[in-house]
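So the structure is just underneath, and the comments pick up after that.
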Amino acid sequence: MTVFEKPKSLTDAEFHYCPGCTHGIIHRLVAEAIDALGIEGRAIGVAPVGCAVMAYNYFACDMVEAAHGRAPAVATGIKRSLPENIVFTYQGDGDLASIGMAETVHAATRNENITVIFVNNAIYGMTGGQMAPTSLPGQVTQTSPYGRDVSVAGYPVKVAELLSSLDGPEFIARVAVNNVKNVRNAKKIIEKAFQNQIEGKGFSLVEVVSSCPTNWGMTPDNALKWVEEKMIPYYPLGVFKDRSAGKEEDKA
Amino acid sequence: MANVTFRTDLCKGCGLCVSACPRGIIKLAKDKINKKGHNPAEITDREKCIGCACCATMCPDCVITVEK
């Protein structure tokens with residue numbers, strides 16, 4: 001009996017990600033959710049700009065590439081014209097929380113019936129490790145070599161908290177992929193975000209606290225420890241909004 | 001007994017499976033290099049494997065298949 005194998009909704013293409021990059025884990029969780037719900041034939045993904053720009057090579061469903069940050073707007077158009085299809089976006093923090101913030105907030109407040117997977121690794125990965133809207137106070141990056149100075153660069157954007165303050169969205173949660181337990185929990189939450197869309201409930205966003213060993217300048221193992229010690233205290237995990245369960249804010 | 005197989009050529013030697021294994025029976029093969037140029041992960045003692053799939057859960061590159 002097979003306990004674990006590569007999900008069918010991933011193609012045979014090899015991931016181009018750096019060693020130890022958790023994008024691979026999150027891709028797999030999305031593909032597992034698509035497999036589990038049996039929606040491979042009608043899923044349409046929208047790829048971002050960022051490290052995951054080539055996500056269209058990896059998912060074995062229809063994929064569309066959006067302009068930087070515009071994935072929720074493109075997904076809105078697809079979902080409204082093809083309401084029977086299951087539409088998801090896969091975006092990083094530079095894409096969703098910076099240039100795409102307007103599209104994200106408005107898609108959420110309209111409660112568009114789409115699923116958004118938001119990968120938060122606190123840095124711009126693809127362009128070489130610049131400070132992102134989600135970089136932690138004091139975090140050293142290429143553009144904040146003395147650490148993020150909040151008096152100049154402001155504070156990190158907490159996307160899950162921000163969006164859960166809106167009346168519109170159906171489901172907002174934050175998960176992490178830094179250990180086995182959190183990965184297994186993330187799998188359940190991502191599946192729920194897709195299930196919500198199948199049931200026509202509306203906008204579901206899952207923020208995944210992730211790592212970037214290359215640009216953080218750490219080994220993959222130490223990067224996951226840094227997630228545990230620095231990121232999760234700043235970005236607490238849990239379900240922030242689950243309207244149909246009557247949950248407005250419940251930090252698990 | 002559980003059977004764990006590694007698609008060695010896909011491994012990037014990140015070592016996340018090594019630290020995830022509760023039995024401590026996965027290591028990076030320092031004497032081998034795969035076609036990507038990394039030291040791939042391998043299992044050292046198949047008898048001790050319990051088939052929990054913790055290694056495969058943490059593997060970012062879908063290298064590992066677990067059967068029981």
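The values are calculated or read from the model by the stated rules, or taken from the named source; none is laboratory data. Everything numeric here is computed off the predicted structure, so don't read it as measured data. Cβ coordinates were reconstructed from backbone atoms using ideal geometry, including for glycine residues, and neighbour counts include every protein chain displayed.
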Search the stretch B:43-54 for residues being out of contact with any Lys or Arg (no Cβ under 8 Å at 6 or more places or on another chain) and touching a residue at least 24 places away in the same chain (Cβ under 8 Å), and hand back the single one that is farthest from the other protein chains (Cβ to nearest Cβ). B:Glu47
Looking at (1) surrounded by 15 or more Cβ atoms within 10 Å (Cβ to Cβ); (2) within 20 Å of A:Asn182 (Cβ to Cβ), which is the one condition that is false for B:His38? (2)
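Kindly check whether there is at least one residue in the stretch B:12-30 that is within 12 Å of chain A (Cβ to nearest Cβ), part of a helix (DSSP H, G or I) and either under 8 Å from the mean Cα position of the chain (by Cα) or modelled with pLDDT under 95 (or both). Spell out how you get there, then give the answer.
Start the filter on the stretch B:12-30 by keeping residues that are within 12 Å of chain A (Cβ to nearest Cβ), which leaves B:12-22, B:28.
Adding the requirement that they be part of a helix (DSSP H, G or I) leaves B:16-20.
Those still in the list that are either under 8 Å from the mean Cα position of the chain (by Cα) or modelled with pLDDT under 95 (or both) too: B:17-18.
Within the stretch B:12-30, one or more residues are within 12 Å of chain A (Cβ to nearest Cβ), part of a helix (DSSP H, G or I) and either under 8 Å from the mean Cα position of the chain (by Cα) or modelled with pLDDT under 95 (or both).
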Quick one: in the stretch A:141-183, which of the residues that are in a helix (DSSP H, G or I) and exposed (fewer than 15 other Cβ atoms within 10 Å of the Cβ) is nearest to the other protein chains (Cβ to nearest Cβ)? A:Lys181
From B:Thr57, B:Thr5, B:Thr65, grab the single residue that is facing chain A (nearest Cβ under 7 Å) and assigned to a strand (DSSP E or B). B:Thr65
How about the stretch A:54-84: which of its residues are buried (at least 17 other Cβ atoms within 10 Å of the Cβ) and among the aliphatic types (A, V, I, L, M)? A:Ala55, A:Ala60, A:Met63, A:Ala66, A:Ala71, A:Ala73, A:Val74, A:Ala75, A:Ile78
So, in the stretch A:55-89, how many residues would count as being of a type in the set (A, V, I, L, M) and in contact with a Phe, Trp or Tyr (Cβ under 9 Å, 6 or more places away or on another chain)? 6
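If you take the residues of the stretch A:1-51 that are assigned to a loop (DSSP other than H, G, I, E, B) and more than 14 Å from chain B (Cβ to nearest Cβ), which of them is farthest from the chain's Cα centre (by Cα)? Walk me through it before giving the result.
Filtering the stretch A:1-51 down to residues assigned to a loop (DSSP other than H, G, I, E, B) leaves A:1, A:5-9, A:11-22, A:38-39, A:48-50.
Narrowing the set further to residues that are more than 14 Å from chain B (Cβ to nearest Cβ) leaves A:38-39, A:48-50.
On the way: A:Gly38: 21, A:Ile39: 19, A:Pro48: 11, A:Val49: 13, A:Gly50: 12 Å.
Here the answer is A:Gly38.
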When you scan the stretch A:69-78, do you find a residue that is among the polar types (S, T, N, Q), at pLDDT 95 or above and in contact with a Gly (Cβ under 9 Å, 6 or more places away or on another chain), even just one? no
Checked the stretch A:42-59 for anything closer than 22 Å to A:Pro213 by Cβ and among the aliphatic types (A, V, I, L, M); matches are A:Val49, A:Ala52, A:Val53, A:Met54, A:Ala55
Return the residues of the stretch A:187-214 that are touching a helix residue (DSSP H, G or I) at 6+ places or on another chain (Cβ under 6 Å), buried (at least 24 other Cβ atoms within 10 Å of the Cβ) and assigned to a helix (DSSP H, G or I); say none if nothing qualifies. A:Ile190
In a helix (DSSP H, G or I), surrounded by fewer than 16 Cβ atoms within 10 Å (Cβ to Cβ) and at pLDDT 95 or above: which single residue out of A:Ala102, A:Ala107 fits that description? A:Ala102
